[in-house]
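The values are calculated or read from the model by the stated rules, or taken from the named source; none is laboratory data. Predicted model only: the values in this text are computed from it and were never measured. Using ideal geometry, Cβ is built from the backbone for each residue, glycine included, and neighbour counts are taken over all protein chains shown.
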Amino acid sequence: MSAISRRLQTLLEEVAVEQFEGQVVVEPIEGYQILTRRRLADPLPGVQAAAVLRDAARRVLVDAVEAARAAGRSWDEVGEALDLPDDAEPAGEVAFALVVERREPERPQELFQVPATSWRCGSCGELVSDRGPFESHPVDNESGHAADCARHVADVRAWRERTGWED
């Protein structure tokens, strides 16, 4: 983890605690006698804090871009500073769309690649591939849970009750 990432993580914890009633816990790292890790007891205040930091960073970005433009820098130079691709559209146009219009640049997707994230399940401890909330059945959204994972079993049960369907 870079020094900037560590500073942001510390700031995120501070915002979560001060603004969203988060609590930081320090726990031992499994397999080690001395090493510990800090984390928020409930991750949702961290999500709220991250959203606040994202919005603040966006405002700082807009201010920096406006200062660069006022100092005579071109939109192309701004795009280069933002490390934006200069593929289909010129970097300056992509920079303007990103900063002024709040439109994210289009990123090419691999054929047959499904966007997903992964996380370690707090219930079964397995690494779960999460494809988002787009499909109805929990099995179509998440894979990797242990067969007896209490969380996943409860999600499937709730789906059955909600839809009246069986697998």
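Of everything in the stretch 74-103 that is charged (D, E, K, R) and more than 14 Å from residue 62 (Cα to Cα), the residue that is surrounded by the fewest Cβ atoms within 10 Å (Cβ to Cβ) is 83. On inspection, residue 140 passes the criterion of being modelled with pLDDT under 90 and closer than 30 Å to residue 43 by Cβ.
Residues are listed down the side, and each one gets a yes or a no for (1) modelled with pLDDT of 90 or more; (2) over 17 Å from the mean Cα position of the chain (by Cα); (3) more than 30 Å from residue 74 (Cβ to Cβ):
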position	(1), (2), (3)
101	yes, yes, no
108	no, yes, no
112	no, yes, yes
115	no, no, yes
125	yes, yes, yes
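The selection criterion, being within 27 Å of residue 165 (Cα to Cα) and modelled with pLDDT of 90 or more, does not hold for residue 76. If you scan the stretch 1-45, which residues turn out to be assigned to a helix (DSSP H, G or I), surrounded by 10 or more Cβ atoms within 10 Å (Cβ to Cβ) and of a type in the set (Ser, Thr, Tyr)? Result: 10, single match. Is at least one residue of the stretch 6-18 on the phi < 0 side of the Ramachandran plot and either touching a Ser or Thr at 6+ places or on another chain (Cβ under 6 Å) or among the hydroxyl-bearing types (Ser, Thr, Tyr) (or both)? Scanning the stretch 6-18 turns up at least one residue that is on the phi < 0 side of the Ramachandran plot and either touching a Ser or Thr at 6+ places or on another chain (Cβ under 6 Å) or among the hydroxyl-bearing types (Ser, Thr, Tyr) (or both). Say we look at the stretch 127-140 and pick out the residues that are in contact with a strand residue (DSSP E or B) (Cβ under 7 Å, 6 or more places away or on another chain) and under 20 Å from residue 157 (Cβ atoms); which of these is surrounded by the most Cβ atoms within 10 Å (Cβ to Cβ)? It comes out as 128. Per the listing 60, 78, 128, the residue uniquely touching a residue at least 12 places away in the same chain (Cβ under 8 Å) and either more than 22 Å from residue 43 (Cβ to Cβ) or assigned by TED's automatic domain parsing to the domain that holds residue 43 (or both) is 78. Looking at 59, 38, just one residue is basic (Lys, Arg) and modelled with pLDDT of 95 or more, and that residue is 59.
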